[in-house]
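Colleague: Following this message is one structure expressed as structure tokens.
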Amino acid sequence: MTIPKRYEITDEQWARIEDRFPPYKAGRPPKIPNRQVFNAVLWLLKSGATWRDIPERYGSWKTIYSRYRSWVDAGLFERIFKDLIDEPDMENISLDSTSIRAHQKATGAKKTPAVTLRIKPSV
């Protein structure tokens, strides 16, 4: 098992979705494997960069974009999300249990007027 880079899918995650990608057509296999293209798309989405900024280790940005468009047009991502929504893994779940105390009036409690103490001066 190889250790994935920060933005890349793990072997276990890839095994869950690998069979959902369209098979290679007859002839020469593609220059860039589907997993590498998928990792490039993940890098792009997580980094917020442009297509042209995809690192060279993933391959040509034009090839990656072309494969991505064909996957989008074929509805691949919708199928993956639809299939995997029923199989959640709890590995990346995070709950925020922060509790912030607030004054009771900040929560909508009935507001009462302030009491003013008046003292008459003695003569």
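The values are calculated or read from the model by the stated rules, or taken from the named source; none is laboratory data. Just so you know, these numbers come straight off a predicted model, no measurement behind them. Every residue, glycine among them, receives a Cβ derived from its backbone with ideal geometry; neighbour counts consider all protein chains shown.
Colleague: Which residue pairs have Cβ atoms closer than 6 Å, lie 6 or more positions apart in sequence or on different chains, and pair a first residue in region 15-37 that is within 18 Å of residue 62 (Cβ to Cβ) with a second residue that is at pLDDT 90 or above?
Modeller: 32/59; 32/63; 34/21; 36/58; 37/64; 37/67
Colleague: Kindly provide the set of residues from region 51-85 that are assigned to a loop (DSSP other than H, G, I, E, B), over 17 Å from residue 30 (Cα atoms) and over 17 Å from the mean Cα position of the chain (by Cα), ordered by number. Write out each step before concluding.
Modeller: Of all residues in region 51-85, those assigned to a loop (DSSP other than H, G, I, E, B) come to 54-55, 59-60, 74-75, 85.
Then keep just the ones that are over 17 Å from residue 30 (Cα atoms); that gives 54-55, 74-75, 85.
Scanning region 51-85 gives 54, 55, 74, 75.
Colleague: Pull out all pairs, ordered by first then second residue, where Cβ-Cβ is under 9 Å, the residues are six or more apart or on different chains, the first lies in region 108-119 and is modelled with pLDDT under 70, and the second is in a loop (DSSP other than H, G, I, E, B) and loosely packed, with under 10 Cβ neighbours inside 10 Å.
Modeller: Close Cβ pairs (under 9 Å, with a partner that is in a loop (DSSP other than H, G, I, E, B) and loosely packed, with under 10 Cβ neighbours inside 10 Å) amount to 109/103.
Colleague: Yes or no: residue 12 closer than 29 Å to residue 86 by Cα, at pLDDT 90 or above and part of a helix (DSSP H, G or I)? Break it down stepwise before answering.
Modeller: Working: closer than 29 Å to residue 86 by Cα: yes; at pLDDT 90 or above: no; part of a helix (DSSP H, G or I): yes.
So residue 12 fails the test.
Colleague: Which one of these does residue 105 not meet: (1) among the basic types (Lys, Arg); (2) modelled with pLDDT under 70; (3) closer than 18 Å to residue 40 by Cα?
Modeller: All conditions pass for residue 105, except number (3).
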